[in-house]
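In what follows, a structure is listed as structure tokens, so that the remarks can point back to it.
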2 protein chains.
Amino acid sequence: MSPAEPLSANMEDYLEAIFHISEEKQAARAKDIADRVQVNKSSVTGALRSLSEKGLVNYAPYDIITLTTKGKVLATEIVRRHAALKEFFVKILLIDKIEAEEAACKVEHAISKTIIDRLINFVEFMEICPRGGKAWLRGFRRHCENGDTANRCGDYITACLEDLEKRKRQMASSHKTRKHGVSSQK
Amino acid sequence: MSPAEPLSANMEDYLEAIFHISEEKQAARAKDIADRVQVNKSSVTGALRSLSEKGLVNYAPYDIITLTTKGKVLATEIVRRHAALKEFFVKILLIDKIEAEEAACKVEHAISKTIIDRLINFVEFMEICPRGGKAWLRGFRRHCENGDTANRCGDYITACLEDLEKRKRQMASSHKTRKHGVSSQK
DNA sequence: TAAAAAAGTTAGTTACACCAAACTTTATAC
DNA sequence: GTATAAAGTTTGGTGTAACTAACTTTTTTA
């Protein structure tokens, strides 16, 4: 077993495309991949041969294209990175969906698992913590729009305290389910 | 004037290296660049020719290497992206400095100005807003370390309120200076 | 100042990733 | 069931960016 040397950004894009097409249709055709990745169909042939050699896709000339188990694992990881980045851009940085999507496409190839895990954790905490959450985000939105800062935050603290009380009441009845319990780095 | 088609990640790395070497020493030598970018010196010659053609570096064979005004502007922008990413990784995501540095090196080539501006704005707001800031970050740190969440946030709210009072007192005496007043996207 | 070392360049090669054009295979339509 | 269209492949060529090895220029040192 090779220590799985990293895929190039281009190959990751092909893998991601095959993953998405396979989800939508039953089989992935070279034409679909070419359309999605926006390359010439002859480039797809080359990419498929390369990905096949790496054991990531099942490929034989003129045959239908599927991901191997290894390929599926890798594609899922790329899609996860993409989704996490897009969510952060949209929910936290308040970037519009189209631009967030484009940015995620580029950054997903450059970011490590450690940072993606932290980012997911961060967005989650933002939504859970009563001092953060939606009221805090409203404050950030104002900050972006008109440079408003600390002098208005007092109002939100009040909202936060109310939110905290509400949560305490909720907490009393139901037990929480945990996910993404990222501990300190080793 | 060309609409300045984007530089490749590789060329951005060279530009950044020349920028940093120029800051440290008086003149940038090809050897220094090769050492910094970790490439063979013959690769540097090729890169310099390419950057020279694009009007970003002043280059003549065997001569010293400097950035043009255009090159300096571009390099400054890359360095800004790098710094903003690193700061976000270290201060907000609590990634250790070494890994943050490595990550910033990769991501800086993939991220747009819009998002970098927002990220800078975000980190700034985080430090300004009394509901965010250091107390909030302590909460996030605990969340990362042991999955602790909402039930402990009450303590921090108290700290936040104290912080807010302190800020109000400060506000009363001195006038604020504004920076990074990012408005809504066009 | 002449020899040696260091720095820089050139030439030739490799790998990746793309393209257009020509060709082959498979699918669709009549 | 054969003609045609669509899909897929091969061939040959481009550009980027790296390398090694051989060479030239500059700098250092003795």
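The values are calculated or read from the model by the stated rules, or taken from the named source; none is laboratory data. Just so it is clear, the structure is predicted and the values come from calculations on it, not from any experiment. Note that each Cβ is placed from the backbone with ideal geometry, even for glycine, and that neighbours are counted across all protein chains shown.
Name the single residue, out of those in region A:56-74 being within 16 Å of DNA strand C (Cβ to nearest atom) and part of a helix (DSSP H, G or I), that is farthest from the other protein chains (Cβ to nearest Cβ).
Ranking the candidates gives A:71 first.
Name the residue, out of A:111, A:116, that is within 14 Å of another protein chain (Cβ to nearest Cβ), part of a loop (DSSP other than H, G, I, E, B) and free of Cβ contacts under 8 Å to residues at least 40 places away in the same chain.
Working: A:116 fails: part of a loop (DSSP other than H, G, I, E, B).
That would be A:111, the only listed residue that is within 14 Å of another protein chain (Cβ to nearest Cβ), part of a loop (DSSP other than H, G, I, E, B) and free of Cβ contacts under 8 Å to residues at least 40 places away in the same chain.
Answer yes if at least one residue in region A:59-74 is over 26 Å from residue A:117 (Cβ atoms), within 15 Å of DNA strand D (Cβ to nearest atom) and touching an Asp or Glu at 6+ places or on another chain (Cβ under 8 Å), and no otherwise.
First, pick out the residues of region A:59-74 that are over 26 Å from residue A:117 (Cβ atoms): A:59-66.
Next, from what is left, pick out any that are within 15 Å of DNA strand D (Cβ to nearest atom): A:59-66.
Those left that are additionally touching an Asp or Glu at 6+ places or on another chain (Cβ under 8 Å): none.
No, region A:59-74 has no match at all.
Let me spell it out: the conditions are (1) more than 11 Å from chain B (Cβ to nearest Cβ); (2) modelled with pLDDT under 95, and residue A:93 meets all of them except one. Which number is the exception?
It fails just one condition, (1).
Residue check: is residue B:155 outside the structural domain of residue B:54 (by TED's automatic domain parsing) and modelled with pLDDT of 85 or more? Spell out the reasoning first.
Working: outside the structural domain of residue B:54 (by TED's automatic domain parsing): yes; modelled with pLDDT of 85 or more: no.
No; evaluated as a whole, the condition is false for this residue.
Which condition does residue B:12 not pass, out of (1) of a type in the set (D, E, K, R); (2) more than 14 Å from chain A (Cβ to nearest Cβ); (3) more than 9 Å from DNA strand C (Cβ to nearest atom), if it passes all the others?
Going through the list (1) of a type in the set (D, E, K, R); (2) more than 14 Å from chain A (Cβ to nearest Cβ); (3) more than 9 Å from DNA strand C (Cβ to nearest atom), residue B:12 breaks only (2).
Limited to region B:1-38, what total is found for residues that are farther than 19 Å from residue B:82 by Cβ and outside any helix (DSSP H, G or I)?
9
Any chance region B:37-48 includes a residue that's away from DNA strand C (no atom under 12 Å from the Cβ), at positive phi and more than 14 Å from chain A (Cβ to nearest Cβ)?
Quick first cut of region B:37-48, residues away from DNA strand C (no atom under 12 Å from the Cβ) only: B:37-38.
Narrowing further to those that are at positive phi: B:38.
Applying the additional criterion that residues be more than 14 Å from chain A (Cβ to nearest Cβ) yields B:38.
So far as region B:37-48 goes, yes, one or more of its residues are away from DNA strand C (no atom under 12 Å from the Cβ), at positive phi and more than 14 Å from chain A (Cβ to nearest Cβ).
Quick one: what pairs do we get from region A:54-79, first residue at positive phi, second part of a helix (DSSP H, G or I) and away from DNA strand D (no atom under 16 Å from the Cβ), C-beta under 9 Å, 6+ apart or different chains?
A:55/A:70; A:55/A:71
Looking at B:70, B:31 in this structure, which one is modelled with pLDDT of 95 or more, basic (Lys, Arg) and more than 21 Å from the chain's Cα centre (by Cα)? Outline the logic, then answer.
Values: B:70 fails: more than 21 Å from the chain's Cα centre (by Cα).
Selected residue: B:31, the only one of B:70, B:31 that is modelled with pLDDT of 95 or more, basic (Lys, Arg) and more than 21 Å from the chain's Cα centre (by Cα).
So is residue B:99 in contact with a helix residue (DSSP H, G or I) (Cβ under 7 Å, 6 or more places away or on another chain), touching a residue at least 24 places away in the same chain (Cβ under 8 Å), in a helix (DSSP H, G or I) and surrounded by fewer than 19 Cβ atoms within 10 Å (Cβ to Cβ) or not? Full working, then the answer.
Values: in contact with a helix residue (DSSP H, G or I) (Cβ under 7 Å, 6 or more places away or on another chain): yes; touching a residue at least 24 places away in the same chain (Cβ under 8 Å): no; in a helix (DSSP H, G or I): yes; surrounded by fewer than 19 Cβ atoms within 10 Å (Cβ to Cβ): yes.
So residue B:99 does not fit the description; no.
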